[in-house]
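K.L.:
This structure is in structure tokens; I'll ask about it shortly.
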Amino acid sequence: MTTTETGHTQQNHTETVQQPYAVEVAVPLPLDTTFHYRVPEALVARIKPGLRVFVPFGRRKVTAYVLRFSTPPEDQQLRDLLDVLDPEPLWTEAELTFFQWIADYYLHPLGEVLKTALPSGINLQSRGSADEETVSGGKKIRHERVFSALPTDTPAKLRGKGLDILAFLRQSGVVSAAELRQRFGECSPNLRRLMELGLIQTSEREVYRDPFAGLAVTKDAPKPLTTHQRQALSTILTALDSSCFAPFLLHGVTGSGKTEVYLQGIAHTLAADRNALVLVPEISLTPQLVQRFRARFSEGIAVLHSALSDGERYDEWRRIRRGEVRIVIGARSAIFAPLERIGIIVVDEEHEASFKQSDGLRYNARDLALVRGQQEQAVVLLGSATPLITTRFAAQQGKLGYLSLPERVANRPLPATSIINTRMTAESPLSSQLIEALSDNLERGEQSLLFLNRRGFASWLVCPACGADLQCPNCSVSLTYHRQRRKSLCHYCDYQVPAPCICPACGELELKEMGVGTERIEHELLERFPDARIARMDSDTTSGKGGHARILDKVGRGEVDILVGTQMIAKGHDCPGVTLVGVLQAEGSLYLPDFRATERTFQVLSQVIGRAGRGELPGRVLLQAMTPDHYGIAYAAEHDFERFYQEELLFRQELNYPPYGFLAAIKLSATSEKSLTTAAEQSATVLRAIKNRLGLRVEILGPAPAPLYRLRGRFRQQILLKDASRAALRRLLTAYRREQSLPATVRAAIDIDPVDLL
């Protein structure tokens, strides 16, 4: 791309000048450079850092983001920017600094970072018309018609409904047409008459889409705290009053009242005229948490997550930007919320891998919470019953404050847990002990929860004659059989086909169901307990808007006897009526080709075990496993995080894995195996040459096929980099980005601090 096509490029930042005759911008394209454009005289008064502008770029016209005013060299011929798209900046100077840090750390183009930080629909790559509303907002801004009274004497002839409407408007001020219709019925003729008499006026005002519409709230007061809660809160409040950066690990067993500590800490923050940001790992956690926050803080709450419509997200973002919000709750993308004066950031269930973005800008919202907290001089709370090994180690090293909640509220005991060895049992996924326990619970009128981290009816269909199974044509996995939908489908790319009745390879008339999923468990329970109220919670049953909340509400109201689900039922939900938890195939994730496999197994088992006995009645857990003696399973059953932590540290230290070393990965993909293999080998050669030239000791592992070798039609290989120094990894990868040239058919992504190695 030439200079004359795009404007002058410049790596170094320039100082602000009084007259903004030129600006430095970033474009939302995979380019590491920024660009300079001249500001036409007609636009000088409107230009500010943090705005979007419309610029010529080669033969295209694209949206760009203004970073700062600039003074490029006089001999450079700059192209004029075309238009300013926003009346006010989208970001503050502090937010732009935050985004620059992200771009530098994750080695990602700044323009794409800025695009990621905006809600869906606001960005434009080009435009074909001058529709200012579309350009400035992306999504249509919703308006409503409103009426207000004018300071005019009431004519004596005015009677009836018209007089009543006028009196109401004079008392209430500005009132929407919808509210008037609700109060007075059809009143359009009356309003027209009042306007003709010069008694009222009409206009339009912007109205937000409300994600809480129709949700009732019962007010809630702060709850009495346990001794450990009071100690933790006291430390947090002291840090809040200091207005300095203070990161903490809040390590509390399940049911220890971490959320109440969050709420009371946030209340203190709001009283000090500072705001709060709360991050949760999954959409499924949001409904209950939002409900608790709305019950405690009636107004000024915004939510940001992918289950909202584009319009709702856009409106929530604008509320935050305008300072109408004091608390923001959301999934990982909420870390980009334009919230100012942040006093506290809460990362709930900080151990969850879903805080890491798996494509595009591969950021980790948990880590960015610490960065943003430092920039804002805020308190950061990382809360979990099963914190990351790296987080616990950081606390042990004094890099984080350590706050412990070792006991449940109201002195409730942790559930008694028994491990059932299923290595030599029959084919039924439900052991006789678990069936008996479920039956007893039903007789007592108590609720049960069954956890199996695999959805569908069967893992796959296989031919007993020739051994063939149905493979996804796009991914290196077998298709999962869903009996209710009568389909076999891929859980990675959503490819689906009608479930075959005969073997497509040899014509055998009967296919065998192999493996088990949540749908099959639900089926077996309905056969064994026909009178029981059984619900299933997985991505098949919660795909619609509000799906999670509807199921959890039914459980909370006692309308479900047995809830079957995947890992979404294991995370953060408070179901006081559940007294029995059954875990099927506890070793399901234990032997994945990832050094974190044992840690994740321990976490999910500890979390699901913790769903039992959170109410007045004690809980019981039956954990079915084929490897009952494995330390990841045994310590979870014993509620013993510290012994698990110590044993896992020994494994990490021996192999120099985090927290004893740092990781980065180069992930390559292509539709052609041959071109991918060539590119991967070339990349490894370049990396090793750079390593030798710079005298680095970085361990370069690979290239090797990814465990999931083919995904969505693309073959995948990866190179893993490991070193005790982040700086060494950065030097190597910076040089690699500069020197490596890959064909257009091969995609390469750098993943800093990778979480998913599959």
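The values are calculated or read from the model by the stated rules, or taken from the named source; none is laboratory data. Computed from a predicted structure; not experimentally measured. Cβ: placed from backbone, ideal geometry, glycine included. Neighbour counts: every protein chain shown.
K.L.:
Name the pairs: first residue in segment 28-44 and on the phi < 0 side of the Ramachandran plot and surrounded by 15 or more Cβ atoms within 10 Å (Cβ to Cβ), second residue part of a loop (DSSP other than H, G, I, E, B) and among the hydroxyl-bearing types (Ser, Thr, Tyr), Cβ to Cβ under 6 Å, at least 6 apart or on different chains?
P.N.:
Cβ pairs passing all conditions: HIS36/SER70; VAL39/TYR21.
K.L.:
Starting from segment 386-413, keep only residues that are modelled with pLDDT under 95, then list their pairs with residues that are surrounded by fewer than 21 Cβ atoms within 10 Å (Cβ to Cβ) and basic (Lys, Arg) whose Cβ atoms are within a distance under 9 Å, requiring at least 6 positions of separation or different chains.
P.N.:
Every condition considered, the pairs that remain are VAL409/LYS223.
K.L.:
Something else now. Going through segment 666-711 one residue at a time, which ones are surrounded by fewer than 16 Cβ atoms within 10 Å (Cβ to Cβ), touching a Ser or Thr at 6+ places or on another chain (Cβ under 9 Å) and assigned to a loop (DSSP other than H, G, I, E, B)?
P.N.:
THR671, SER672, ARG697 - these are the residues of segment 666-711 that are surrounded by fewer than 16 Cβ atoms within 10 Å (Cβ to Cβ), touching a Ser or Thr at 6+ places or on another chain (Cβ under 9 Å) and assigned to a loop (DSSP other than H, G, I, E, B).
K.L.:
Taking the residues in segment 56-87 that are of a type in the set (Val, Ile, Thr) and modelled with pLDDT under 95 as candidates, determine which candidate is surrounded by the most Cβ atoms within 10 Å (Cβ to Cβ). Don't jump to the end; show me each part of the working.
P.N.:
Start the filter on segment 56-87 by keeping residues that are of a type in the set (Val, Ile, Thr), which leaves 62-63, 66, 71, 84.
Applying the additional criterion that residues be modelled with pLDDT under 95 yields 62-63, 71, 84.
Values: VAL62: 22, THR63: 26, THR71: 15, VAL84: 20.
So, considering only residues that are of a type in the set (Val, Ile, Thr) and modelled with pLDDT under 95, the one surrounded by the most Cβ atoms within 10 Å (Cβ to Cβ) is THR63.
K.L.:
Considering only segment 619-633, state which residues are in contact (Cβ under 8 Å) with a residue 40 or more places away in the chain and in contact with a helix residue (DSSP H, G or I) (Cβ under 9 Å, 6 or more places away or on another chain). Walk me through it before giving the result.
P.N.:
Start the filter on segment 619-633 by keeping residues that are in contact (Cβ under 8 Å) with a residue 40 or more places away in the chain, which leaves 619-628, 630, 632-633.
Residues satisfying the conditions are GLY619, ARG620, VAL621, LEU622, LEU623, GLN624, ALA625, THR627, PRO628, HIS630, GLY632, ILE633.
K.L.:
Additional query: Which members of segment 578-610 meet the condition of being closer than 14 Å to ALA416 by Cβ and either part of a helix (DSSP H, G or I) or among the charged types (D, E, K, R) (or both)?
P.N.:
ILE609
K.L.:
For segment 333-361, what are the residues that are within 12 Å of the chain's Cα centre (by Cα) and under 17 Å from LEU114 (Cβ atoms)?
P.N.:
Correct list: SER333, ALA334, ILE335, PHE336, GLN357.
K.L.:
For segment 404-418, check the following and say yes or no: at least one residue is surrounded by 18 or more Cβ atoms within 10 Å (Cβ to Cβ), closer than 26 Å to ASP574 by Cβ and among the polar types (S, T, N, Q).
P.N.:
yes
K.L.:
Looking only at segment 621-655, count how many residues are outside any loop (DSSP other than H, G, I, E, B), among the acidic types (Asp, Glu) and under 21 Å from PRO406 (Cα atoms). Steps first, please.
P.N.:
Of segment 621-655, the ones outside any loop (DSSP other than H, G, I, E, B) are 621-625, 631-637, 641-655.
Adding the requirement that they be among the acidic types (Asp, Glu) leaves 642, 647-648, 654.
From the residues that got through so far, the ones that are under 21 Å from PRO406 (Cα atoms) too are 642, 647-648.
The number of residues fulfilling the criteria is 3.
K.L.:
Would you tally the residues in segment 100-113 being touching a residue at least 24 places away in the same chain (Cβ under 8 Å) and either part of a loop (DSSP other than H, G, I, E, B) or under 16 Å from ASN364 (Cβ atoms) (or both)?
P.N.:
Qualifying residue count for the region: 8.
K.L.:
Quick check on segment 233-244. Is at least one of its residues more than 24 Å from the chain's Cα centre (by Cα), surrounded by fewer than 14 Cβ atoms within 10 Å (Cβ to Cβ) and assigned to a loop (DSSP other than H, G, I, E, B)?
P.N.:
Quick first cut of segment 233-244, residues more than 24 Å from the chain's Cα centre (by Cα) only: 233-244.
Now restrict to residues that are surrounded by fewer than 14 Cβ atoms within 10 Å (Cβ to Cβ): 234, 238, 241-242, 244.
Cutting the leftovers down to assigned to a loop (DSSP other than H, G, I, E, B) gives us 244.
Yes, the conditions are met somewhere in segment 233-244.
K.L.:
Limited to segment 712-738, what total is found for residues that are out of contact with any Leu (no Cβ under 9 Å at 6 or more places or on another chain), of a type in the set (Lys, Arg) and outside any helix (DSSP H, G or I)?
P.N.:
Total satisfying the criteria: 1.
Yes/no matrix, rows are residues, columns are (1) in contact with a strand residue (DSSP E or B) (Cβ under 6 Å, 6 or more places away or on another chain); (2) under 19 Å from GLU587 (Cα atoms); (3) of a type outside the set (Lys, Arg); (4) at pLDDT 95 or above:
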residue	(1), (2), (3), (4)
GLU599	no, yes, yes, yes
GLY615	no, no, yes, no
PRO618	no, no, yes, no
TYR631	no, yes, yes, yes
PHE644	no, yes, yes, yes
TYR657	no, no, yes, yes
LEU663	yes, no, yes, yes
ILE690	no, no, yes, yes
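K.L.:
Does segment 116-138 contain any residue that is surrounded by 16 or more Cβ atoms within 10 Å (Cβ to Cβ), modelled with pLDDT of 90 or more, not assigned by TED's automatic domain parsing to the domain that holds GLU316 and not hydroxyl-bearing (Ser, Thr, Tyr)?
P.N.:
yes
K.L.:
Okay, moving on. Could you say which residue among PRO618, PRO658 is assigned to a loop (DSSP other than H, G, I, E, B) and either exposed (fewer than 14 other Cβ atoms within 10 Å of the Cβ) or in contact with a Pro (Cβ under 6 Å, 6 or more places away or on another chain) (or both)?
P.N.:
On the way: PRO658 fails: either exposed (fewer than 14 other Cβ atoms within 10 Å of the Cβ) or in contact with a Pro (Cβ under 6 Å, 6 or more places away or on another chain) (or both).
Answer to the check: PRO618.
K.L.:
In this structure, does ARG209 turn out to be in contact with an Asp or Glu (Cβ under 9 Å, 6 or more places away or on another chain), among the basic types (Lys, Arg), under 30 Å from SER309 (Cβ atoms) and surrounded by 12 or more Cβ atoms within 10 Å (Cβ to Cβ)? Even if it seems obvious, please write down each step before you answer.
P.N.:
On the way: in contact with an Asp or Glu (Cβ under 9 Å, 6 or more places away or on another chain): yes; among the basic types (Lys, Arg): yes; under 30 Å from SER309 (Cβ atoms): yes; surrounded by 12 or more Cβ atoms within 10 Å (Cβ to Cβ): yes.
When the stated conditions are applied, ARG209 passes them.
K.L.:
Turning to a different aspect of this structure: Touching a strand residue (DSSP E or B) at 6+ places or on another chain (Cβ under 7 Å), more than 27 Å from GLU282 (Cα to Cα), surrounded by fewer than 16 Cβ atoms within 10 Å (Cβ to Cβ) and at pLDDT 85 or above - does that describe any residue in segment 491-506?
P.N.:
Yes.
K.L.:
Quickly run through segment 169-198 and pick out the residues that are outside any helix (DSSP H, G or I) and either free of Cβ contacts under 8 Å to residues at least 12 places away in the same chain or in contact with an Asp or Glu (Cβ under 9 Å, 6 or more places away or on another chain) (or both). Give the derivation first.
P.N.:
From segment 169-198, those outside any helix (DSSP H, G or I) are 173-176, 185-187, 197-198; that's our starting set.
Result: SER176, GLY185, GLU186.
K.L.:
What number of residues in segment 345-385 are assigned to a helix (DSSP H, G or I) and either without any contact (Cβ under 8 Å) to a residue 24 or more places away in the chain or aromatic (Phe, Trp, Tyr) (or both)? So that I can check it myself, show each step before the final result.
P.N.:
From segment 345-385, those assigned to a helix (DSSP H, G or I) are 353-355, 365-376; that's our starting set.
From the residues that got through so far, the ones that are either without any contact (Cβ under 8 Å) to a residue 24 or more places away in the chain or aromatic (Phe, Trp, Tyr) (or both) too are 355.
Here the count works out to 1.
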